[in-house]
Amino acid sequence: MARLSVALRLPPDVSAVLAALPRPPTPRVSWSAPEQWIVKLRPLGHVPDDLVEPLVDALHDELDGLPATRCELGPATRRLGGQWLGAPVVGLDDLAATVFDATVGLVPVTHPQPFQADVVLARGRVPADLAGEPVAASWVAGAVFLVADRSAPGRPRLDDVAEFALTESRLPRS
């Protein structure tokens with residue numbers, strides 16, 4: 001059984017923007033490593049091994065032919081529930097809805113929440129004054145990934161189980 005998410009990977013230039021943000025030593029706060037920086041379209045939680053192949057098939061069927069999606073990071077970091085510091089990403093509502101529709105029959109929702117896309121930068125008891133740091137970047141997401149989190153304490157490890165290419169589109173560059 002693996003802990004899975006459907007997510008986007010960040011391109012190197014967007015990761016560089018996040019890496020340039022201040023990361024002050026803060027008691028009870030763990031800063032995430034760049035290899036942990038993904039944008040979750042839908043966290044699936046612990047998924048039995050026998051559901052992985054049906055998930056891959058369902059995602060392939062729903063995502064096949066969808067256009068690449070423009071993503072906008074920013075405008076500032078935000079505190080999420082006092083337990084996370086995130087950099088918001090907008091432009092993903094339609095893609096996330098498609099992913100949700102493709103997966104909800106296989107992995108039911110146990111904790112319904114409105115969709116919010118963020119790159120998680122820190123976890124723990126995040127003080128309010130860490131939020132509000134300006135951050136801005138944009139990119140075109142050309143693929144969606146099914147990601148397995150096989151991390152251990154002090155050893156982040158996110159492995160791609162499957163990749164679903166989105167079609168080239170004629171999105172304007174920014």
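Just so you know, all these numbers are worked out from the coordinates, no wet-lab data involved. Bear in mind that the values here come from a model prediction, so they are computed numbers and not experimental data. All Cβ positions, glycine included, derive from the backbone under ideal geometry; neighbour counts span all protein chains shown.
With both labels modelled 7 Å from their Cα along Cα-to-Cβ, the D49 to L66 distance reads 2.9 nm. Compared with the dominant principal axis of the Cα atoms in the chain, helix 93-103 is inclined by about 50°. With 0.36 nm allotted per residue and the present C-alpha distance subtracted, the E168-T26 stretch has 46.9 nm of extension available. Using a simple spin-label model with pseudo-atoms 7 Å out from Cα toward Cβ, L80 and A136 lie 2.3 nm apart. The slack in the chain from D93 to A128, taken as 0.36 nm per residue of separation less the alpha-carbon distance, amounts to 9.9 nm. Around the amide H of A117, modelled in the peptide plane, lie the amide H atoms of V89, all under 5 Å away and 5 or more residues distant in sequence or on another chain.
Comparing P88, G142, L55 along the charge dipole axis of the chain, the residue lying farthest to the positive side is P88, per the Cβ-charge model.
For the range 50-62, backbone phi angles converted through the Karplus equation (6.51, -1.76, 1.60; θ = phi - 60°) give residue-by-residue couplings of 6, 9, 5, 4, x, 5, 4, 4, 5, 5, 4, 4, 7 Hz, Gly and Pro being listed as x. Report the one residue of A20, V119, T69 whose Cα lies farthest in the direction of the positive end of the charge dipole of the chain (charges on C-beta: Lys and Arg +1, Asp and Glu -1; origin at the Cα centre). The listed residue farthest towards the positive side: A20.
In this structure, D13 and T110 have a Cβ-Cβ separation that, at R0 = 41 Å, corresponds to a calculated FRET efficiency of about 0.70. 3J(HN,Hα) along the range 8-17, derived from phi through the Karplus expression 6.51 cos²θ - 1.76 cosθ + 1.60 where θ = phi - 60°, amounts to 10, 9, 8, x, x, 5, 6, 4, 5, 4 Hz, with x in place of Gly and Pro. The sum of -39500 (n - 2.57) across all DSSP H runs of n ≥ 4, divided by the residue count of the chain, sets its helix-only mean residue ellipticity at 222 nm to -5500 deg cm²/dmol. Charge dipole (Cα centre; +1 on Lys/Arg Cβ, -1 on Asp/Glu Cβ; no other charges) of the chain amounts to roughly 1000 debye.
L73 sits among other residues whose Cβ lies under 13 Å from its own Cβ, and their net charge, with Lys and Arg +1 and Asp and Glu -1, is -2. For A122, the residues whose modelled amide H falls within less than 5 Å of its own, excluding neighbours fewer than 5 places apart on the same chain, are S32, L85. Full extension of the chain between R157 and V56 yields a length gain of 34.3 nm, computed as 0.36 nm times the residue separation minus the alpha carbon distance.
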